[in-house]
Each structure stands twice: as structure tokens, then as C-alpha cells.
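The values are calculated or read from the model by the stated rules, or taken from the named source; none is laboratory data. Quick caveat, the model's predicted, so the values are computed rather than measured. Please note: Cβ atoms are built from the backbone with ideal geometry, for glycine as well, and neighbour counts cover all protein chains shown. All accessible areas refer to the heavy atoms of the entire protein, side chains included, with ligands and DNA or RNA removed. Shrake-Rupley method; radii C 1.70, N 1.55, O 1.52, S 1.80 Å.
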Amino acid sequence: MKSMTVVGNWKMHTTPQEARILLRDILRGLTHLREIHGSGPWPRVLVAPPFTSLAACQETLRDDEFAETVWAVHLAGQDVFWEAEGAYTGAISAPMLLASGCRAVVVGHSERRRIFRETDEEAVLKARAALQAGLDVFFCVGEGEDQREAGETFAVLRRQLEPLWERLPAGAQGKLAIAYEPVWAIGTGRAARPEDAEEAAQFIREDARRHGWEGDLPVLYGGSVTPENAGSFFRLPSIHGALVGGASLKAASFLGILEAAWKAAEGSL
Ligand code: PGA
């Protein structure tokens, strides 16, 4: 049995009203899954709505109608700035995320790196600030297609992770997970081959150990995860869940992935 985590990254989707409906549908589905799987080990479930929908989600998670399942779902931010407050137009800080009901934050997503030109160093500053503030961090790494074809996957992962290991604050154990997301697999419908994901996850865990990480480091896979292929990743010894984009925007597909995680957690996959 292994502990499993599934994070739904809603990206720039959902108005507050849409977020409320989606989250309610997920909670309703979880009630049903709970009936099937009983009180066995639950996967850890997080959703990362846009900042503007956090309040609506926080309200939904207080709804008595879902009292049986709300405790199992947590909110995450999609990004965070490293300063706590100040003249940083458009930025959101870790204390603000915490005050908006978030337990965790996604840091260094490849869309942030690629489209918003975020550097390896900036991603690490964000992770560090979030961990110090008490948030859990899902730190994203992954190679581009050209880099994979050139055999540079491990070099890229090492480069993205090196500054993280160097600057991790004390107390990060148990609060940090790495999301291995090959850039070419995100939103393309072309998921990585499970054996490649396993190899990358093993590399990441070894790299962490080489840098003094003690204990377990969960690694999630991300990139075109669907209810159909989720099990092939969750079965792998070094993969502890998934960061899900597109398939997290429909309750039915997200729940299908959660069900696979549930089976992996209880050892029945
Ligand atoms: P995808 O996105 O599931 O739509 O490929 C994954 C992600 O960006 O985290």
C-alpha cells in the first residue's frame, strides 16, 4: 500500500459559479466512491482553482451537505509570489493563499516557466517562501520534447532541482512533493510511457537522496492523465499520484482518476 495524492489543476478555467458546481459534483462523486471503498486509505485530493474562485470553493467546502467528504479535499494555489506583501501588482503571497483556505501550492509549472518566463531560481524562491509559510508544495519539473530526443532528460531535471535542494528550508520533509511533468505531454493527449515516468521518478528520488533528503519523497506524474491511463502510472513503485489538468475539469473524469488512486492506495489496482 502506498499513499496517493491527486491534484486537479484547473488552470485558467472556472468562474466562481462554475467552480462551485464542479467542486460540488466532485464531492458528490466522492461520497459515492466512499461507499464503494469504505473507510480504507483515502487518496489525498486537492484542487487548484484560479485565485478568483478560491472563495467560492472555500464556501463549498463548508457546506454541510458534503460533511462526509469535505475533509478529504483541500485547496491549492496555482502559483505564489515569494514576498509576503508589498508593491507587487498582480502577485499573490503564501500568507494570502493560506488565508484563502489553501493548504498547498503548485510551483514552477511548465506553463509558468515557458509562457511567463519564470526561471529555475524564481521557482525555487517561490517554493521556499511557500514552505516557510507552512504551505505544502508541488514542485513541477520536466523536460521538453527536443531535450528528451537529445537524451537530456536527466540533465534538465538535475538543473531544475539543484537550486531547490540547495535552498530548501528546514522542515520541508513531508511538505514537498515533486511533479514530474514532461512538457510535451501536457495538454497534448500524449502521456509519457509509464516506464519513462518511472525512470524519471526514480531519478528524482535518487537525486534528492544524494542531496541529503531523508525519508520518502512523493513524486506525482503529470501530462495527459486520464481515467483510462491513470492506473498504468499509479501502479508504478515510484509514482505517488498525479497532477491533472484537462481531465480535472469534468467531475466524471477526475473521479475516474481518483478511483484509480483509491485502488492503488488500497493495493487493489
Ligand atoms: P494535462 O495538464 O493533464 O491537461 O496534460 C497537466 C498539468 O498541466 O498539470
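For the stretch 213-252, would you read off the P(r) tail past 15 Å as a percentage of all alpha carbon pairs? Value for the stretch 213-252: 43 percent of Cα pairs lie more than 15 Å apart. Using a cutoff of 8 angstrom between alpha carbon atoms and counting only pairs six or more residues apart, the relative contact order for the stretch 137-212 works out to 42 percent.
Only Cα pairs under 8 Å and at least 6 apart count here; give the relative contact order of the stretch 1-74 as a rounded whole percent. Spell out each step's value before the answer.
Values: 79 pairs, mean separation 35.4, N = 74.
Reported as a whole number, the value is 48 percent.
When its C-alpha radius of gyration is set against 2.2 N^0.38 Å (N residues), the stretch 84-168 gives a value of 1.18. What a 1.4 Å probe finds exposed on the stretch 5-266 is 51% carbon and sulfur by accessible area, rounded to a whole percent. Taking amide H as placed 1.01 Å from N in the peptide plane, the amide H of residue 106 sits under 5 Å from that of 77, 78, 79, 138, each at least 5 places away or on another chain. With each label modelled as a point 7 angstrom along the Cα→C-beta vector, the residue 132-residue 28 pair spans 4.4 nm.
Working with all protein chains in place, sort 216, 63 by solvent-accessible area computed with a 1.4 Å probe, largest first.
Details: 216 95, 63 45 Å².
The most accessible residue leads, giving 216, 63.
Using only the Cα atoms of the stretch 65-119, build the gyration tensor, take square roots of its eigenvalues as a ≥ b ≥ c, and label the shape rounded, prolate or oblate: rounded if a/c is under 1.5, else prolate if a/b is larger than b/c, else oblate. Verdict is oblate for the stretch 65-119. Note on the chain: with charges restricted to the Cβ of Lys and Arg (+1) and Asp and Glu (-1), its dipole about the Cα centre is near 220 debye. Note on the chain: GNM, Cα springs under 10 Å; of 77, 90, 246, the largest mean-square fluctuation is that of 90.
Solvent exposure of the chain amounts to 44 Å² per residue of accessible area, where only protein heavy atoms count and the probe is 1.4 Å.
Return the loop-located trypsin sites (Lys or Arg not before Pro) in the stretch 90-136 (DSSP other than H, G, I, E, B) with at most 16 other Cβ atoms within 10 Å of their own Cβ; answer none if there are none. Intermediate results must be reported in sequence, preceding the final value.
Working: sites: 103, 112, 113, 114, 117, 126, 128; in loops: 117.
Counting only loop positions with at most 16 other Cβ atoms within 10 Å, the trypsin sites (Lys or Arg not before Pro) in the stretch 90-136 are 117.
Farthest toward the positive end of the dipole of the stretch 177-232, out of 215, 202, 178, is the Cα of 178, where the dipole comes from beta carbon charges about the Cα centre. With a Förster radius of 30 Å applied to the C-beta separation of residue 206 and residue 64, the computed FRET efficiency comes to 0.05. The largest accessible area among 166, 228, 199, 111 belongs to the first residue in 228, 166, 199, 111, and the rest follow in falling order (1.4 Å probe, all chains). Each residue, residue 114 and residue 100, gets one label point 7 Å from its Cα in the Cβ direction; the gap between the two is 2.4 nm.
Separation of the stretch 217-264 from the stretch 1-60 is 13 Å, based on Cα centroids. With one equal scatterer per alpha carbon and no solvent term, the Debye-computed log10 I(q)/I(0) for the chain at 0.08, 0.09, 0.17 1/Å reads -0.29, -0.37, -1.42. Karplus-based coupling profile of the stretch 72-85, in residue order and whole Hz: 8, 10, 10, 9, 9, x, 8, 6, 7, 9, 7, 8, 7, 6, with θ = phi - 60° in 6.51 cos²θ - 1.76 cosθ + 1.60 and x standing for Gly or Pro. Obtain the nm distance between the two label points defined at residue 2 and residue 89 by a simple spin-label model: each point lies 7 Å from its Cα along the Cα-to-C-beta direction. Label at residue 2, label at residue 89, 4.6 nm between them.
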